Amino acid sequence: MSYQDEIAQAEQLISRQGSPWAGIGAEAVARMRLQNRFQTGLDIARYTAKIMREDMAAYDADPANYTQSLGCWHGFIGQQKLISIKKHFGTTKRRYLYLSGWMVAALRSDFGPLPDQSMHEKTSVPALIEELYTFLRQADARELGGMFRELDKARETGNQVEEQRLIQAIDNYQTHVVPIIADIDAGFGNAEATYLLAKKMIEAGACALQIENQVSDEKQCGHQDGKVTVPHEDFLAKIRACRYAFLELGITDGIIVARTDSLGAGLTKQIAFSAEPGDIGDQYNSFLDCEEITDIRSINGDVIINRDGKLMRPKRLRSNLFQFREGTGADRCVLDCITSLQNGADLLWIETEKPHIEQIAGMVDRIREVIPNAKLVYNNSPSFNWTLNFRQQVFDAWAEAGKDVSGYDRARLMSVDYDGSELATEADEKIRTFQRDAAKRAGIFHHLITLPTYHTAALSTDNLAKEYFGEAGMLGYVAGVQRQEIRQGIACVKHQNMSGSDIGDDHKEYFAGEAALKAGGVHNTMNQFAA
């Protein structure tokens, strides 16, 4: 509905109520409605799921249409990312947010900082989704409020051209609300627990849930050791639990991202059930590291399986976990991915130990032999040393091509001594184009960085502390922060406005008219930033 239609509808409603509603302004109602477009989290999930589905179709048509996101641990951080995206690019198209379970554990738990092992409160995840969307909706209200004020000013000055331009801009307004891919870890329990948490996350606004095939009570960060996977049927039950949650809540096109940690996981907690040779349980068990039993007297409380007519003892550790054969990780990833897509998942996530396009593409090629439109979400992780990895990749490629690499020490390529070198320049160019190249070659639909603001907050705080508590004193803040905000047009330099003060003033005027006591008067120090 257009701005004028919203006003007309409000006028009709108010007129039907007669004199008791005479103090209600139709245009004010229209403005408040436009500033609060999404009434519930389900409204958001339904709207953003449609965006993701359209983006997935656009990627299938042309892999240049890949999508991106950055991880968030606070609503304000998510809000500022979207404000910056709109400021620099004019559109939020194909740009999302990622909710990182790692950052929830490290920064949002009542227990204090925790490792990424699903020990934090599961309710903190839907709470963060709701918080993120609260801040994004406020960003809408703030930006539209500024447009409404400009519209009033144009009317006051009789500038009809500007008035019509602003009305058209309001009618074509693009919201800050974008899809959030939300990390549900390994489901925080059994399939029922997964379903209950998935519902809470969807009700908060999540249109995409990312779930991994690790054991819930042994869950580890994807880039740490000691990962333990579950048999496929256990994981598929959780995928189905997520789908049931979406369907129950009326989100018929919700997205499930199935993550496999098998590349770096050498352990399983249980032997898969197998009803017949070659079924999915038998395939899972085929990767177990086993030894043949030649003397039945050696059996002592062991689990025994039949492999090609031979009695085999799977290698069991003192932790009571079973071990996979070394070198089977990629094969297990491919089987995980095909099975997940055949049983309800929409997108894949393969957790790798390094950012290497051909490594990813090698697995994706095999997956696409079975499911041609398989697409990945990929973690451009800060756990990778991107500089070292890509310098080593260039070094290896040069050496293979016969190029002279005698001026480089492969083990020391991270050294600052190489920063201006030809090798470093080529490596940086490969990092710059990594997302574009991987989208085309390796089937990566969505690129994300899990923990960017964890690191940017630490870096900026370190720089400020060094200056402010050192010789620079207050100049450390002014030159390094405030002046940069002003020069770069960072909206937060007017922090009162960003916190909603002007929105509150508008409401006061709606409610009390000329009697309103507003905060944005001449004595508000934020006016110092008007120029």
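Just a few scattered comments:
- Qualifying residue in the stretch 267-282 (condition: of a type in the set (D, E, K, R), touching an Asp or Glu at 6+ places or on another chain (Cβ under 8 Å) and free of Cβ contacts under 8 Å to residues at least 24 places away in the same chain): yes
- Single residue of the stretch 187-226 satisfying the filter (touching a helix residue (DSSP H, G or I) at 6+ places or on another chain (Cβ under 8 Å) and closer than 19 Å to Y378 by Cα) that is surrounded by the most Cβ atoms within 10 Å (Cβ to Cβ): A206
- Residue within the stretch 338-349 that is within 18 Å of F235 (Cα to Cα), surrounded by 14 or more Cβ atoms within 10 Å (Cβ to Cβ) and without any contact (Cβ under 8 Å) to a residue 60 or more places away in the chain present: yes
- Scanning the stretch 310-322 for residues that are touching a residue at least 40 places away in the same chain (Cβ under 8 Å) and either touching a Phe, Trp or Tyr at 6+ places or on another chain (Cβ under 6 Å) or surrounded by 16 or more Cβ atoms within 10 Å (Cβ to Cβ) (or both) gives P314, L321, F322.
- Selection from the stretch 242-265 of residues that are closer than 19 Å to D217 by Cβ and surrounded by fewer than 22 Cβ atoms within 10 Å (Cβ to Cβ): G264
- Pair list, Cβ < 9 Å and 6+ apart or interchain, from the stretch 499-520 residues that are touching a residue at least 24 places away in the same chain (Cβ under 8 Å) and outside any loop (DSSP other than H, G, I, E, B) to residues that are exposed (fewer than 14 other Cβ atoms within 10 Å of the Cβ) and of a type in the set (D, E): none
- Hits in the stretch 121-142 (condition: touching a residue at least 60 places away in the same chain (Cβ under 8 Å) and acidic (D, E)): E130, D140
- Any hit, the stretch 346-353, residues being over 25 Å from Q214 (Cβ atoms), touching a helix residue (DSSP H, G or I) at 6+ places or on another chain (Cβ under 7 Å) and at pLDDT 95 or above: no
- Of all the residues in the stretch 118-177, those that are assigned to a loop (DSSP other than H, G, I, E, B), closer than 18 Å to Q4 by Cα and aliphatic (A, V, I, L, M) number 0.
- Of residues in the stretch 105-134 being crowded, with 21+ Cβ neighbours inside 10 Å, among the hydrophobic types (A, V, I, L, M, F, W, C) and modelled with pLDDT of 95 or more, the one farthest from V29 (Cα to Cα): V125
- Tabulated pairs, the stretch 109-120, first closer than 18 Å to S383 by Cβ, second surrounded by 12 or more Cβ atoms within 10 Å (Cβ to Cβ) and among the basic types (K, R), C-beta under 8 angstrom, 6+ apart or interchain: D116/K219; Q117/K219; S118/K219
- Strands (runs of 3 or more DSSP E) within the stretch 286-398 that include 2 or more residues under 23 Å from the mean Cα position of the chain (by Cα): 347-350, 376-379
- In the set N285, N306, only one residue is free of Cβ contacts under 8 Å to residues at least 60 places away in the same chain, touching a strand residue (DSSP E or B) at 6+ places or on another chain (Cβ under 8 Å), buried (at least 20 other Cβ atoms within 10 Å of the Cβ) and at negative phi; that residue is N285.
- For the stretch 201-253, filtering for residues that are more than 30 Å from Q39 (Cβ to Cβ) and assigned to a loop (DSSP other than H, G, I, E, B) leaves 13.
- Single condition S69 does not satisfy, out of (1) surrounded by 18 or more Cβ atoms within 10 Å (Cβ to Cβ); (2) over 15 Å from V177 (Cβ atoms): (2)
- Among the candidates I490, I486, I444, residue that is under 20 Å from the mean Cα position of the chain (by Cα) and of a type in the set (A, V, I, L, M): I444
- Identity of the residue in the stretch 496-531, over 20 Å from Q482 (Cα atoms) and among the hydrophobic types (A, V, I, L, M, F, W, C), that ends up surrounded by the most Cβ atoms within 10 Å (Cβ to Cβ): I503
The values are calculated or read from the model by the stated rules, or taken from the named source; none is laboratory data. Owing to the predicted nature of the structure, the values given are computational and were not obtained by experimental measurement. Positions of Cβ are generated from backbone atoms using ideal geometry, with glycine treated the same way; all protein chains shown enter the neighbour counts.
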